[in-house]
Amino acid sequence: MSLGVFALTQVDQQVQPTIYLQLAVSKQGVIAGTVHNTATDKTNSVEGMVDQASQRAAWVVTGKTSPIMETGIANLTKDDASALLHFADGQTQQWDMTRLEEPEGEQGTQ
């Protein structure tokens with residue numbers, strides 16, 4: 001099931017987003033998708049899981065162990081939500097996720 005496409009910005013930064021995240025989740029709680037950085041023009045696959053007990057969703061760029069982004073699975077159904085980005089050195093940043101509208105005529109084509 002597609003969860004949508006989100007523009008990501010660090011909390012309290014008034015800048016145009018350059019990072020876009022597309023996510024989907026399976027019935028088993030497996031998360032898959034892509035992240036695209038328009039500043040570097042790089043696209044990477046992401047993978048993760050939903051913890052069934054806590055209902056937290058977490059994902060990383062495929063093949064990497066950090067940074068790990070996480071949020072509540074319910075947040076991924078909202079138009080605006082926050083997520084935490086955990087780095088290997090123990091630092092954590094809060095990021096805003098803003099759902100992008102699907103272009104007219106493209107609903108159900110994915």
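Annotations
- Qualifying positions in the stretch 5-24 - touching a residue at least 24 places away in the same chain (Cβ under 8 Å) and under 16 Å from residue 82 (Cβ atoms): 6, 7, 8, 9, 10, 11, 17, 21, 23
- Scanning the stretch 79-88 for residues that are out of contact with any Phe, Trp or Tyr (no Cβ under 6 Å at 6 or more places or on another chain), surrounded by 12 or more Cβ atoms within 10 Å (Cβ to Cβ) and not small (Gly, Ala, Ser) yields 84, 86.
- Lone unmet requirement of (1) free of Cβ contacts under 8 Å to residues at least 60 places away in the same chain; (2) over 17 Å from residue 29 (Cα atoms) for residue 72: (2)
- Among the conditions (1) surrounded by 12 or more Cβ atoms within 10 Å (Cβ to Cβ); (2) polar (S, T, N, Q); (3) at pLDDT below 95, the only one that residue 34 does not satisfy is (3).
- Condition met for residue 91 (at pLDDT below 95, exposed (fewer than 13 other Cβ atoms within 10 Å of the Cβ) and more than 13 Å from the chain's Cα centre (by Cα)): no
- Scan of the stretch 49-65 for residues that are surrounded by 12 or more Cβ atoms within 10 Å (Cβ to Cβ) and either among the hydrophobic types (A, V, I, L, M, F, W, C) or under 23 Å from residue 89 (Cβ atoms) (or both), ordered by number: 49, 50, 56, 57, 58, 59, 60, 61, 62, 64
- Failed item in (1) touching a Ser or Thr at 6+ places or on another chain (Cβ under 9 Å); (2) surrounded by 11 or more Cβ atoms within 10 Å (Cβ to Cβ); (3) of a type outside the set (Gly, Ala, Ser); (4) closer than 19 Å to residue 3 by Cα, with residue 76 passing the rest: (1)
- For residue 68, the criteria (1) over 11 Å from the mean Cα position of the chain (by Cα); (2) at pLDDT 95 or above hold in every case but one, which is (1).
- Taking strands (runs of 3 or more DSSP E) as the structural unit, those lying wholly within the stretch 10-84 and holding at least 3 residues that are farther than 17 Å from residue 96 by Cα correspond to 30-37, 42-50.
The values are calculated or read from the model by the stated rules, or taken from the named source; none is laboratory data. The structure displayed is predicted, hence computed values, not measured ones. So basically every Cβ, Gly included, is an ideal-geometry build from the backbone, and we count neighbours across all protein chains shown.
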